[in-house]
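Below: the structure, in structure tokens.
Just so you know, all these numbers are worked out from the coordinates, no wet-lab data involved. Owing to the predicted nature of the structure, the values given are computational and were not obtained by experimental measurement. Backbone-built Cβ (ideal geometry, glycine too); neighbour counts: all protein chains shown.
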Amino acid sequence: MSNVVADGKVVILNYTLKNAQGLVLDESTHDDPFPYLHGADNIVPGLERALTGRSVGEKLEVKVEPKDGYGEREGVPQAVPRSAFPPDAPVMEGMQFFASDGQGNHMPIWVVGVQGDEVLVDGNHPLAGEVLHFSVEILGVRDATREEMAHGHPHGVTGHEGHDH
Ligand code: ZN
């Protein structure tokens with residue numbers, strides 16, 4: 001069936017994401033829904049798994065444990081000198097950078113504090129360790145275009161919207 005969520009489909013969601021305390025962390029609206037490409041790691045594994053096989057019009061409440069979300073929290077933030085960052089780029093709390101390990105691997109890091117010439121960075125996603133509570137409604141399911149499949153992400157709700165790369 002064409003309106004069932006499966007790999008290679010672009011799924012249009014309206015969603016609200018809350019943490020275990022009920023605080024809204026992120027949400028879309030009916031007027032500005034969230035499209036993603038199913039089977040392409042666009043969304044956390046626990047939510048993607050729960051949506052597989054579901055149909056347009058369905059509403060789901062999905063609880064995602066950290067291991068199926070943004071991972072468990074590991075390690076502690078590290079202080080690095082401001083000079084390790086590009087001199088002309090702003091460095092502020094909440095910003096994401098990519099750190100090189102010197103072997104060609106780039107790992108995401110997040111700035112969790114700035115104090116003078118020291119920047120506190122954390123390799124954990126800001127939502128690592130959080131139990132995620134999604135309320136989702138499936139507004140639409142369509143076949144991904146060839147270009148979307150090649151890129152691994154949707155080009156907007158319609159498949160014909162531009163993007164930044
Ligand atoms: Zn693209």
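Structure data summary
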| item | result |
| --- | --- |
| Residues in the stretch 125-158 that a label on A6 would reach, taking backbone N under 20 Å of a point 7 Å out along Cα→Cβ | 138-150, 152-154 |
| Restricting the stretch 1-83 to GluC sites (Glu not before Pro) in coil, as DSSP defines it, with at most 10 other Cβ within 10 Å | E74 |
| Cβ charges +1 (Lys, Arg) and -1 (Asp, Glu), total dipole of the chain, debye | 420 |
| Stokes-Einstein translational diffusion, the stretch 78-122 - Kirkwood Rh over all Cα pairs, 0.692 mPa s, 37 °C, in µm²/s | 306 |
| Contact order normalised by residue count of the chain, Cα under 8 Å, 6+ apart, percent | 34 |
| Using θ = phi - 60° and Karplus 6.51 cos²θ - 1.76 cosθ + 1.60, couplings along the stretch 29-36 (whole Hz; Gly, Pro as x) | 10, 4, 6, 9, x, 10, x, 9 |
| Length added when fully stretched, E58-Q103, from 0.36 nm per residue minus Cα-Cα | 11.6 nm |
| Karplus 3J(HN,Hα) series, Hz, for the stretch 21-26 with 6.51 cos²θ - 1.76 cosθ + 1.60 (x for Gly, Pro) | 8, x, 6, 6, 9, 6 |
| Relative pair counts by distance (%), Cα atoms of the chain, 5 Å bins | 1, 8, 14, 16, 16, 15, 13, 9, 5, 2, 0, 0 |
| M95/K67 FRET efficiency (R0 30 Å; Cβ-Cβ; nearest 0.05) | 0.70 |
| Quotient of Cα Rg and 2.2 N^0.38 Å for the stretch 41-137, N being how many residues it contains | 1.38 |
| Spatial separation of Cα centroids for the stretch 124-165 and the stretch 49-105, in angstrom | 16 |
| For the stretch 3-17, Karplus couplings with θ = phi - 60° (6.51, -1.76, 1.60), whole Hz, Gly/Pro x | 9, 9, 5, 7, 4, x, 9, 8, 10, 9, 10, 10, 9, 10, 10 |
| Linear extension gain, Q115 paired with A20, 0.36 nm per residue minus alpha-carbon span | 31.2 nm |
